[in-house]
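These notes are about the structure you will find just below.
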Amino acid sequence: LPEAFLFANEIKNICDSTLGDLEKLELLQLLCSAHVLRSLCFQAQRIDKQEVNTDGFAGNYAWVAAGLGAKNGSASRKLAQDSFEGIEDMLYRVLRLVDEATGGETQKFSEADKHGFQIFRKIAKEIGLVVPRTGRGQRFVLPPLFIRLLVAALVKPGERVRLTEFFDRVFAHFGIALGDRQLAKAMAWGNKESGPQDYAVAANSIWIEDALKQGGFLVELSDAVSIVHNPGSMEHRV
């Protein structure tokens, strides 16, 4: 399965780094939780079989995240909220499709839902990928630790890649849309019929660039070129 291959590569990058053992364990634990969420979506999409494909990501679904500080009513926050609702709708819907295909053998939807969209919501909130924990407006976000995970898992130790390449990798591994091109694909998957260009303009990548800077992972070479680097180098392994 493609998601298993992605998972193995992510584990290798973290284990090859020069991070301390406790930090590695923390990131691996977070990665395992993220992989469960990814696997649920991969499996659901295989059953759902929507006609729209997400070019550049084998999962054929998309998550759109907003910055933690996105203001109420902003386009980026609305996109992230719509994205979470779309994923939950898919996870809820596929159980009913399975029930229909098996002639109504799934008698206890409440139990099945606990291991489907409800467990997705529970884990996503526990790792800070979805906020708020209670109340309305639940949406995808990327907390600092998750951003640190993305760098450690998707950029080889000591490697330096352009910011646009990093966005491609994040999308290719998790279906998380951060750049303009990935956002356009996410909008197409979500069947948004109105306002995609307005959303794309509003949901720019400034917030993720700022978050990468704060984590010490972003180097700006010029106004047009930014580099994401993983500071853990294999050359210093003992």
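The values are calculated or read from the model by the stated rules, or taken from the named source; none is laboratory data. Just so we're clear, the structure is a prediction, and the values are computed from it rather than from any experiment. Counting neighbours? That spans all protein chains shown, and the Cβs are built from the backbone with ideal geometry, glycine included. For the accessible areas, the whole protein counts, side chains as well, though only heavy atoms, and no ligand, DNA or RNA atoms are used. Shrake-Rupley method; radii C 1.70, N 1.55, O 1.52, S 1.80 Å.
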Taking region 50-74 and the residues there that are open to solvent by 20 Å² or more (accessible area, probe 1.4 Å) and closer than 14 Å to Phe167 by Cα, the one that is modelled with the highest pLDDT would be Gly56
For region 200-220, the count of residues that are modelled with pLDDT of 85 or more and at negative phi equals 14
Log entry, pairs with first residue in region 23-49 being in contact (Cβ under 8 Å) with a residue 12 or more places away in the chain, second being open to solvent by 60 Å² or more (accessible area, probe 1.4 Å), beta carbons closer than 6 Å, six or more apart or on different chains, reads Ile47/Leu97
Cβ pairs under 8 Å, 6+ apart or interchain, first in region 157-183 and within 24 Å of Gly232 (Cα to Cα) and in a strand (DSSP E or B), second open to solvent by 10 Å² or more (accessible area, probe 1.4 Å) and not aliphatic (A, V, I, L, M), ordered by first then second residue, are Arg160/His229; Val161/Arg169; Val161/His229; Arg162/Ser226
Conditions (1) surrounded by fewer than 19 Cβ atoms within 10 Å (Cβ to Cβ); (2) at pLDDT below 95 -> Glu165 fails only (2)
